[in-house]
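Read the structure below first, then the notes.
The values are calculated or read from the model by the stated rules, or taken from the named source; none is laboratory data. Here the structure is a predicted model, which is why all the values come from computation and not from measurement. Reconstructed Cβ throughout: ideal geometry from the backbone, glycine too, with neighbour counts over all protein chains shown. Ligands, DNA and RNA are excluded from the accessible area calculation, which covers all protein heavy atoms including side chains. Shrake-Rupley method; radii C 1.70, N 1.55, O 1.52, S 1.80 Å.
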Amino acid sequence: MNAADLGLPVDVPSTALFTDQYELTMLQAALRAGTADRRSVFEVFTRRLPEGRRYGVVAGIGRVLDAVENFRFDPGVLGFLRERNIVDEPTLRWLAGYRFSGDIWGYPEGEVYFPGSPILRVEGSFAECVLLETVVLSILNHDSAIAAAASRMSAAAGGRRLIEMGARRTHELAAVASARAAYVGGFDSTSDLASGFRYGIPTVGTSAHAFTLLHDTERDAFRAQIDSLGSGTTLLVDTYDVTEAVRTAVEVAGKDLGAVRIDSGDLLLVAHRVRQQLDELGAVDTKIVVTSDLDEYAIASLAAAPVDAYGVGTQLVTGSGHPTCSMVYKLVARAQSADPRAPLTAVAKKSLGGKASVGGRKWAARRTDKDGVAEAEVVGTGPVPPDLADQQLLVELVKGGDVVAREPLEAARARHIAARAGLPMSAIQLSRGEPVLPTEYV
């Protein structure tokens, strides 16, 4: 990944400024106090799932690995920090040589998680770990929220194809990340070309209402599209009169017309009428695609409709009402000195209002019943019980500063399908409820 990939000017090939100022002021103070080199363990977790959600989806791990690799304080970044007097000269000299040299363990991308799950564990000196807090959280909170919404929509779709088409409803860079997260969560393609270019996600798209309105007649518009893209294209049939448009579409394209798209009206009723009309016209293999502000509930309501694919935009890229996962990055253990042999001591925030954390370097495993269905998320700080040894969830992602766990996006997508299938059936219910698995601390 380079500067252009991150939406940065080409002369700033760094993720180092995707952070909050207090990360750097903490570093400066720790350097002065002599505590910056203490071995530390930070963990990413969430205290609760968004209201009503039954599971979360880990997404953005691949982007986190890219961000860690590109977290560099080059001359341009250092000049900015010096000009703004953000930190002092000794700190700037330290930052000039910054390279993360620690270890990172985490849930693999596509896995599901629950309250208290140690989704990511970052280990190294306090100085090198604390700097990563904001960029790690910004990626995981965003991508996991989108993936969770996508997963719910995928479950509601019941195997019908899903198209991500929310680029025009969010920030241009968020659109790329959203398409990636949606693909992990179960979507099949995207309308966003930047996502296809960067991540290899299949891209689709044909025409909007403007193309029909450009031409003197709807027939002229359909003919122009078919002449250009072939009879297997998808024709938008709700610009004027749907019944007339479907008739014209089949007349122009023939019975081999690929699909028609419906973007307005009572989708359930219109889809049934269009299917009947297509069949009567002999276009029995022509698919029906529906769009128009869909979410998981609207998709579920169309389960009985003869719909072949759904296009989802706004609700997907905003997390279907939950645009963040409220993940936090907390120090859970640290050494009492800079001696690399010094033992780790568990530390934890103690506060009112449900914001306390659990100290200690954690492992996590998912206990299953005799049928292989998950029944609990088990989190511990001591030895792993023998019966859970082969069910541990965290995998090594970075070792000694080097990324060791890159994988194709398809692997994360397949992992999520398998992880969701291993949950109790109630996990895919759209009604509000508690997390489908309890979190047990041992």
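Principal axis lengths of region 275-391 from Cα atoms, whole Å, largest first?
Principal-axis extents of the Cα atoms in region 275-391, largest first: 79, 36, 29 Å.
On alpha carbon coordinates alone, what is the Rg over Rh value for region 267-313, Rh being the Kirkwood radius?
0.99
Quick check: pseudo-label points 7 Å beyond the Cα along Cα→Cβ at ASP266 and VAL403, how many nm apart are they?
Using points 7 Å along Cα→Cβ, the separation is 5.1 nm.
Can you classify region 343-442 as rounded, prolate or oblate using the Cα gyration tensor, where a ≥ b ≥ c are the square roots of its eigenvalues, rounded means a/c under 1.5, and otherwise it's prolate if a/b beats b/c and oblate if not?
The shape class here is oblate.
Compute the normalised compactness of the chain: alpha-carbon radius of gyration over 2.2 N^0.38 Å, N being the residue count.
Expressed relative to 2.2 N^0.38 Å, the Cα Rg reads 1.13.
What is the set of long-range amide H partners of THR368 at a cut-off below 5 Å, with H atoms built 1.01 Å from backbone N?
The list, which skips near neighbours in sequence, is GLU375.
Grab the Cα-Cα distance for THR381 and VAL395, subtract it from 0.36 nm times how many residues apart they are, and report the gain in nm with one decimal.
Full-extension gain reported as 3.4 nm.
Rounded to the nearest 500 deg cm²/dmol, what is the calculated helix-only ellipticity per residue at 222 nm for the chain, with -39500 (n - 2.57) per DSSP H run of length n ≥ 4?
-10500 deg cm²/dmol
With a 1.4 Å probe and all protein chains left in place, how much of the accessible area of the chain comes from carbon and sulfur atoms, in whole percent?
The nonpolar share, carbon plus sulfur, comes to 52 percent.
Estimate the FRET efficiency between ARG247 and ILE417 by the formula 1/(1 + (r/R0)^6), using the beta-carbon distance for r and 51 Å for R0, to the nearest 0.05.
0.85
Can you give the three extents of the C-alpha atoms in region 199-284 along their principal axes, from longest to shortest, in whole Å?
Principal-axis extents of region 199-284 (Cα, largest first): 36, 33, 24 Å.
Starting at 0 and stepping by 10 Å, how many percent of the alpha carbon pairs of region 83-181 end up in each bin?
P(r) for region 83-181, in whole percents per bin: 11, 32, 28, 19, 7, 2.
Can you give the FRET efficiency to the nearest 0.05 for SER228 and GLN277, using r as the Cβ-Cβ distance and R₀ = 22 Å?
E(calc), rounded to 0.05, equals 0.30.
Please work out how many pairs of lysine residues in the chain are eight or more positions apart (or on different chains) and have Cα atoms closer than 26 angstrom.
Counting lysine pairs in the chain gives 10.
What full-extension length gain, to one decimal in nm, is calculated for GLU172 and ALA33 as 0.36 nm per residue of separation minus the Cα-Cα distance?
45.9 nm
What whole-number value in Å² describes the accessible area per residue of the chain for a 1.4 Å probe?
With the other protein chains kept in place, the chain gives 44 Å² per residue.
Restricting to DSSP loop positions (anything but H, G, I, E, B) with no more than 15 other Cβ atoms inside 10 Å of their own Cβ, which trypsin sites (Lys or Arg not before Pro) remain in region 380-442?
Qualifying residues, ordered by number: ARG406, ARG432.
Rg over Rh of region 131-190, using C-alpha atoms and the Kirkwood radius, what does it come to?
1.03
Given R₀ = 45 Å, what would the calculated FRET efficiency be for GLN336 paired with GLU434, taking r from the Cβ atoms and rounding to 0.05?
0.70
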